[in-house]
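The block underneath contains the structure these notes are about, expressed in structure tokens.
The values are calculated or read from the model by the stated rules, or taken from the named source; none is laboratory data. The model shown is predicted, which means the values in this text are computed figures rather than measured ones. So basically every Cβ, Gly included, is an ideal-geometry build from the backbone, and we count neighbours across all protein chains shown. To get the accessible areas, we keep the full protein, side chains included, count just its heavy atoms, and leave off ligands, DNA and RNA. Shrake-Rupley method; radii C 1.70, N 1.55, O 1.52, S 1.80 Å.
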Amino acid sequence: MCGYIELSSSELKKLLPERKLDSNKGTYGKVLNIAGSFNYQGAAYLSSVSALKTGAGLVSLAAIETVINNVAAMTPNLTFYKIRDHYNKCIAGDSFSELQPVIDGYDVISIGSGLSLEPAVVAFVCDFIKYFNKISTPVVFDADALNAISLSGIDRLPENSIITPHPKELSRLLSCSVDSVQENRPAAAKAATEKFGCITVLKGHRTVVCTKDFRFFVNTTGNSALAKAGSGDVLVGMITGLLAQGVSSEDAVKLAVFLHGLCGEIAAKRLTEYCVLAQDIIDSIPDAFKLII
């Protein structure tokens with residue numbers, strides 16, 4: 001196994017963003033989350049609300065109208081930007097040009113949670129990456145954005161990118177088996193970082209973070225409660241919420257994966273590891289913060 005550092009609360013406490021008495025929502029940053037499709041509407045909700053719960057000042061969900069209508073009915077806390085749809089299934093493949101004018105108003109972008117594997121999504125993600133190759137805004141690529149990258153053959157990501165694959169997604173990105181990823185998780189994370197020039201967060205038991213200069217951090221929190229649909233969407237939101245507050249990319253992913261694991265532990269104490277849902281992870285974020293403040 002590659003040399004690594006285990007994440008600990010004493011070190012991560014130093015990374016928490018400062019909250020100022022004289023501040024406003026702009027002080028804590030704006031997140032644009034491109035997420036959701038007809039079949040995966042919950043992913044859009046989870047990856048957006050978790051960013052707010054982690055401290056971002058404002059979160060906008062960019063999604064098709066069906067997703068926006070249903071997410072808006074679930075929470076009054078988000079703002080929205082409608083993206084043209086492809087037969088009401090997912091975002092239209094040629095719709096990125098409509099979103100481009102608003103992007104500069106955000107401090108961090110996330111893309112991928114619940115977008116689906118429709119060819120239109122692949123086309124959208126390709127246009128998105130072409131644009132972001134020209135700017136320096138931090139981007140978190142997750143889930144179906146990663147699948148779109150593997151399908152399109154893209155082999156380099158924008159400068160300030162973070163990817164958050166689970167083992168199956170990483171196997172697609174590296175054109176290898178899941179078993180080979182799991183046999184040496186730090187080595188697999190390093191291979192992704194080398195290939196795409198990004199920070200890699202390889203999710204799973206003892207989540208591995210590989211920085212762009214090939215240092216490794218392994219998470220020490222979490223349990224089987226996190227092995228449930230939607231858990232990864234919450235992690236994406238926690239990363240973007242910290243990035244929006246000015247935490248560096250490296251520190252944001254380390255802090256987010258540690259807090260995310262704590263949320264699983266806290267929720268399991270109340271509900272057992274069997275019964276925790278993704279919403280329960282979000283509800284546990286305040287108590288996770290309390291444990292390291």
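Of all DSSP beta bridges located in the stretch 1-89, what percent are antiparallel, nearest 5?
0 percent
Based on DSSP H runs of at least 4 residues, each adding -39500 (n - 2.57), what is the mean residue ellipticity at 222 nm of the chain after dividing by all its residues, to the nearest 500 deg cm²/dmol?
Mean residue ellipticity at 222 nm (helix-derived): -14000 deg cm²/dmol.
Given a 1.4 Å probe and every protein chain left where it sits, what share in percent of the accessible area of the chain is carbon and sulfur?
Answer for the chain: carbon and sulfur cover 51 percent of the accessible area.
What are the semi-axes of the equivalent ellipsoid for the stretch 81-170, taken as the square roots of 5 times the Cα gyration tensor eigenvalues, largest first, in whole Å?
Taking √(5λ) for each Cα gyration eigenvalue gives 18, 18, 11 Å.
Treating the Cα atoms of the stretch 56-119 as identical point scatterers in vacuum, please give the log10 of the normalised Debye intensity I(q)/I(0) at q = 0.12, 0.13, 0.16, 0.20 Å⁻¹, two decimals.
Results for the stretch 56-119 at q = 0.12, 0.13, 0.16, 0.20 Å⁻¹ read -0.30, -0.36, -0.55, -0.86.
So, for the stretch 50-189, what is the accessible surface per residue at a probe of 1.4 Å, expressed in square angstrom?
41 Å²
Figure the gain on full extension for N24 and R172 (residue separation times 0.36 nm, minus the Cα-Cα span) and round it to one decimal in nm.
Roughly 49.1 nm would be gained on extension.
Between the stretch 204-220 and the stretch 241-293, how many Å separate their Cα centres?
17 Å
Figure the gain on full extension for E183 and S248 (residue separation times 0.36 nm, minus the Cα-Cα span) and round it to one decimal in nm.
Stretched out fully, the E183 to S248 stretch lengthens by 20.4 nm.
Once you sort the root eigenvalues of the Cα gyration tensor of the chain as a ≥ b ≥ c, which label holds: rounded (a/c under 1.5), prolate (a/b larger than b/c) or oblate (the other case)?
Rounded shape, in that the Cα axes give a/c under 1.5.
For a test of the definition: using alpha carbon positions, the gyration tensor, and the 1.5 limit on a/c, classify the stretch 149-193 as rounded, prolate or oblate.
Here the stretch 149-193 falls in the oblate category.
Say R0 is 30 Å: what FRET efficiency, to the nearest 0.05, do D213 and N133 get from their beta-carbon distance?
0.90
Hey, rough spin-label estimate for S152 and L117, points 7 angstrom out along Cα→Cβ, what's it come to in nanometres?
1.7 nm
Can you figure out the FRET efficiency of C275 with Y81, using R₀ = 30 Å and their beta-carbon distance, to the nearest 0.05?
0.30
Rg to Rh ratio, the stretch 210-272, alpha-carbon atoms and Kirkwood radius?
With Rg and the Kirkwood Rh in hand, the quotient comes to 1.01.
Using θ = phi - 60° and the Karplus relation 6.51 cos²θ - 1.76 cosθ + 1.60, list the HN-Hα couplings for the stretch 269-282 in order, rounded to whole Hz, with x at every Gly or Pro.
Once rounded to whole Hz, the list reads 5, 7, 10, 6, 5, 6, 9, 6, 10, 4, 4, 5, 5, 4.
Please pull out the direction-averaged projected area of the stretch 180-234, using the convex hull of its alpha-carbon atoms, in nm² to one decimal place.
For the Cα atoms of the stretch 180-234, the hull's average projected area reads 4.2 nm².
Which of the trypsin sites (Lys or Arg not before Pro) across the stretch 1-80 are loop residues per DSSP, with 16 or fewer other Cβ within 10 Å?
R19, K20
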